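The values are calculated or read from the model by the stated rules, or taken from the named source; none is laboratory data. Just so it is clear, the structure is predicted and the values come from calculations on it, not from any experiment. Please note: Cβ atoms are built from the backbone with ideal geometry, for glycine as well, and neighbour counts cover all protein chains shown.
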C-alpha cells in the first residue's frame, strides 16, 4: 500500500512537467549568426513558464523530436533568397504519411547578409513547407515581423564585429515568446 501511495505521489508531482508543451527550435548555422538567432528565440520561449524548450541543430534533430513537440521553429541562413540546402534536406526528411505534424505550431527565423537579400522569401519557404504538412504557422508578434524573425548581419548599419544587432535579438526573443505562449494556450 505504501508503494502504491508513493507511486501515486510521484506521478502527481510529475504530472505538470509531463503535461508541459515542448517548443523545438531547430536551425542550421555555418558562421554562427543563425545559431545566435536560435539562442535568442530559445531565450524568449524559455521566459514563458510552463513550456519545455529544446534547442538543436537540424543535424541533431530526430523524427522523435519533431513528433514530441507541440511547436517547431525552424531557422536558416539565407542562401540566394532560399533556405540553406541543409535546412531543405531536413524539411524534406519530415514524416509525410499519416499527417503526423498536422496541427503543430510552426514558425521561422532567418539571418541574411544584407537588406533585401531574400529573408522574407526564405521565411515563406519554411512556412510554405509547414503548411504542406498541415501545421499552423505563426508569425511574429506585430507587423514588423509578419513572417517570423530575421536579422541582417553583413550590411551597414547592422554589420557587427560580434553577434547580432540588439533589435534582431529582440525580434528573435519576441518570436520565441509568442510561439511558446500559443503552445501553452493550445495545450490547456
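For residue 182, only one of the following conditions fails: (1) touching a strand residue (DSSP E or B) at 6+ places or on another chain (Cβ under 7 Å); (2) over 24 Å from residue 66 (Cβ atoms). What is its number?
For residue 182, the exception is condition (2).
Pairs please, first residue from segment 18-39 and within 17 Å of residue 187 (Cβ to Cβ), second anywhere and at pLDDT below 95, Cβ atoms under 6 Å, 6+ apart in sequence or on different chains.
Matching pairs, first to second residue: 21/187.
For segment 154-172, give me each residue that is touching a strand residue (DSSP E or B) at 6+ places or on another chain (Cβ under 9 Å), under 9 Å from residue 36 (Cβ atoms) and assigned to a loop (DSSP other than H, G, I, E, B).
Across segment 154-172, the qualifying residue is only 164.
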